[in-house]
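Here's the structure, in structure tokens; my notes come after.
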Amino acid sequence: MKKLAIVKDKKAFTLLELTVSLFLLIILTLLLMLIIQTTMMTSKRFLDYSNYEYALAHKKIFETYNNSAKVYQEGNYILMKSKDDTEDVRINFRGGRIYIDKFKDSNNFAGYILVLKNMKGYSLSQENDIIHVSIVDKSDHKREMFLRVKDEKTDKEKEKEKKEKEEKAKEEKEKKDKEEHDEYNKEGE
């Protein structure tokens with residue numbers, strides 16, 4: 001009888017307890033793997049700045065485009081002349097980067113801005129009055145922009161044209177007044 005008492009005093013796990021604990025361990029491991037996988041996917045999406053970089057480049061190019069009176073393509077460049085005629089801008093596609101080169105007047109280089117880098121490729125084409133820009137970014141996303149060729153008058157050209165019209169109207173009025181004055185003088189004689 002003493003032997004029975006010794007065996008009853010030993011504490012041990014039953015098969016059922018071991019099975020339940022292994023089942024819970026497997027569930028916790030699967031949940032942990034799912035949490036880690038979700039965290040990695042989320043951080044990968046947040047660390048992928050290509051959408052953000054492209055959006056900023058797109059915004060900067062279109063801001064320049066909207067402030068331009070003249071827009072045309074020449075080689076790997078898109079040239080833009082501002083409405084107020086204070087600066088010329090050249091969108092420069094070089095290597096894997098896009099720059100905005102700024103010129104005061106047409107010849108004095110003022111500086112450049114790096115707009116987009118690490119591009120895998122790009123293409124520029126012009127069909128009728130549309131400039132088509134196709135960009136493949138570092139994540140292999142193909143982006144496209146369409147710019148209409150512009151040939152509007154700058155503010156200086158509009159002002160010059162207005163002055164010429166005013167001078168022409170003034171000259172015509174003076175000519176008309178002179179003719180009326182000559183007619184009046186003829187009648188008076």
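Here are some pairs, LYS60/LYS162; LYS60/LYS156; LYS117/LYS158; LYS102/LYS168; LYS102/LYS150; LYS102/LYS153; which of them have Cα atoms lying more than 28 Å apart in this structure?
Values: LYS60/LYS162 32 Å; LYS60/LYS156 24 Å; LYS117/LYS158 38 Å; LYS102/LYS168 37 Å; LYS102/LYS150 18 Å; LYS102/LYS153 20 Å.
LYS60/LYS162; LYS117/LYS158; LYS102/LYS168, as the Cα separations exceed 28 Å there.
Going Cα to Cα from LYS44, which lysines come in below 16 Å? Please leave out same-chain ones fewer than 8 positions away.
Counting by Cα, and skipping residues close in sequence, LYS44 has these lysines nearby: LYS138.
From the phi of every residue in the range 90-97, what ³J(HN,Hα) in whole Hz does the Karplus formula 6.51 cos²θ - 1.76 cosθ + 1.60 yield, where θ is phi - 60° and glycine or proline is x?
10, 7, 10, 9, 9, x, x, 9
With angles folded into 0 to 90 degrees, how steeply does helix 155-188 sit against the dominant principal axis of the chain? Use alpha carbons for both and round to 10.
It works out to around 20 degrees.
Check the straight Cα-Cα distances from LYS186 and name the lysines below 17 Å, setting aside those fewer than 8 residues away within the same chain.
LYS175, LYS176, LYS178
List the residues, sorted by chain then number, that are 5 or more residues from ARG143 or on another chain and whose placed amide H is less than 5 Å from its amide H.
Close amide H contacts, sequence-distant or interchain: ILE135, VAL136, ASP137.
Just so you know, all these numbers are worked out from the coordinates, no wet-lab data involved. These numbers come from a predicted model, not from an experiment.
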